[in-house]
């Protein structure tokens, strides 16, 4: 039987040896586990704190957008950040354009009319920082005949970088389903 995990191999060996052998095995276990756990890619590594901060970045984007907090939204991007989506005809535009559209909405304490529900956030380390991918359901206040909100599924693909002030979107791309278009005010048709 081939044992691929060095930890398991050492523990099986210890089961049939003396106390002195056990001490030696523990030392060997510590050394082999350390070597075994080393990252195998050269992309860089994200810490648990990085993952936490990046997930909070997604929340800050949604909350700022949905409450009309233009300065909060701007703070989720780098100064040279870009956004692309149906509202920009899928062309990257400077973040200032999106911030301007949000600033037209009256700031409010809670979302009214526009809701971004973010789910299944997947974050991977990259050479530039991180790549984030997620699904969103966008609700713009449209309701069906029964009064239920009608949502639009969106897929997001994001480039995220760490700055002096924390993790920020360098680029954010939203993709609606093929039969969806967006009006210039952000509502769906």
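Working only within region 50-69, note down all residues that are under 12 Å from residue 172 (Cβ atoms) and under 9 Å from the mean Cα position of the chain (by Cα).
Within region 50-69, the subset under 12 Å from residue 172 (Cβ atoms) is 57-58, 61-62, 65.
57, 58, listed by residue number.
Results for (1) closer than 28 Å to residue 48 by Cα; (2) touching a strand residue (DSSP E or B) at 6+ places or on another chain (Cβ under 9 Å); (3) in a strand (DSSP E or B), shown as yes or no for each residue.
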site	(1), (2), (3)
107	no, no, no
124	yes, yes, yes
128	yes, yes, no
132	yes, yes, yes
145	no, no, no
152	no, yes, yes
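Within region 69-95, the set of residues being part of a helix (DSSP H, G or I) and exposed (fewer than 15 other Cβ atoms within 10 Å of the Cβ) comprises 71 only. Using the structure shown, decide if residue 98 is within 16 Å of residue 62 (Cα to Cα) and outside any strand (DSSP E or B). In short, yes. Is there a residue in region 140-160 that is assigned by TED's automatic domain parsing to the domain that holds residue 85, under 17 Å from residue 44 (Cβ atoms) and surrounded by fewer than 15 Cβ atoms within 10 Å (Cβ to Cβ)? So far as region 140-160 goes, no, none of its residues is assigned by TED's automatic domain parsing to the domain that holds residue 85, under 17 Å from residue 44 (Cβ atoms) and surrounded by fewer than 15 Cβ atoms within 10 Å (Cβ to Cβ). Among the residues of region 102-124, those identified as more than 21 Å from the chain's Cα centre (by Cα) and surrounded by fewer than 18 Cβ atoms within 10 Å (Cβ to Cβ) are 103, 104, 106, 107, 108, 109, 110, 111, 112, 113.
The values are calculated or read from the model by the stated rules, or taken from the named source; none is laboratory data. This one's a predicted model, so the numbers in the text were calculated from it and none came from an experiment. Neighbour counts run over all protein chains shown; Cβ positions are idealised from the backbone, glycine included.
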